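The values are calculated or read from the model by the stated rules, or taken from the named source; none is laboratory data. Note that the structure is a prediction, hence the values are computed from the model and not measured. Backbone-built Cβ (ideal geometry, glycine too); neighbour counts: all protein chains shown.
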Amino acid sequence: MRASGARRAKITLLDDGSLSSASAKAERLKRVRNLANLSREEFCADGNVNITTLISWEVGRFGGLSRKGAACVIARVAREGVFVTPEWLLHEIGAGPEVCSDYKKIAQHTKPELVDTEITPDDSRIIEELSLFRRLNKNSIDFAVIDDAMLPHYQAGDYVAGTRRTKDKIKLLIGFDCIAQLSDGRMLLRNIQSGPRDNTFNLVATNFKSKAKDLMLHDVEVVCAAPVIWHRRKEPAV
């Protein structure tokens, strides 16, 4: 029997009502396809996914959407100006899909390069920890960090979570690093500061050498905010 080196771990996702269940993934997939305004036939027209497979994903059959399948979905809907992460599709981690109405479509003949990236043991632990946080905190909100705007405390690839506050309770979070949802639907990880008007805030990054967008947002409305009380960083590759 051949010994394996760095073993890969797969999570067994039972259809138990969790955000990573087959039925939950199916609902998110259908939402993304609808945002892209694609019928099942149109989604499968490029030949990267056959319609039988798509239907099985959308009804949660055989474990539902896989990570490799998520890569196909992401590539297909991007051509329609809809952008989503594999973490959100598979586990509803981080911000949801975004629609760019004036996005110039990618050439239809371009095929995505698919990499069958199984979930690593570290990924498995992070998802389990975040699932536990969600169960213990009904008003939880989480975010996948995608840039270096909040260095040195948070770097790209980190996951953060907190419990959301709304209305007047947001004022109690001034000075804290928070996951903030704006009135236009965007979500950012920023330090919350007082705004110039009642019920508005300034959202400030901590790394002004970053080339990320929105390092400082002035006088913005915040729908909800969650101070970071759970922070997880992936183990460095060795």
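Do we have residue 64 as at pLDDT 90 or above and under 20 Å from residue 124 (Cα atoms) here?
Yes.
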Residue 192 vs. criteria outside the structural domain of residue 95 (by TED's automatic domain parsing), in contact with a helix residue (DSSP H, G or I) (Cβ under 6 Å, 6 or more places away or on another chain) and farther than 28 Å from residue 20 by Cβ: yes
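Okay, residues lined up against (1) surrounded by fewer than 15 Cβ atoms within 10 Å (Cβ to Cβ); (2) without any contact (Cβ under 8 Å) to a residue 12 or more places away in the chain; (3) of a type outside the set (A, V, I, L, M):
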residue: 144; (1), (2), (3): no, no, no
residue: 148; (1), (2), (3): no, no, yes
residue: 154; (1), (2), (3): no, no, yes
residue: 159; (1), (2), (3): no, no, yes
residue: 166; (1), (2), (3): yes, no, yes
residue: 177; (1), (2), (3): no, no, yes
residue: 183; (1), (2), (3): yes, no, yes
residue: 188; (1), (2), (3): no, no, no
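Which residue, of 127, 174, 146, is in contact with a strand residue (DSSP E or B) (Cβ under 6 Å, 6 or more places away or on another chain) and either farther than 19 Å from residue 19 by Cβ or of a type in the set (A, V, I, L, M) (or both)?
174
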Residue identified as surrounded by 15 or more Cβ atoms within 10 Å (Cβ to Cβ) and without any contact (Cβ under 8 Å) to a residue 24 or more places away in the chain among 204, 222: 204
Residue match in the stretch 212-225 (condition: closer than 28 Å to residue 121 by Cα and modelled with pLDDT under 95): no
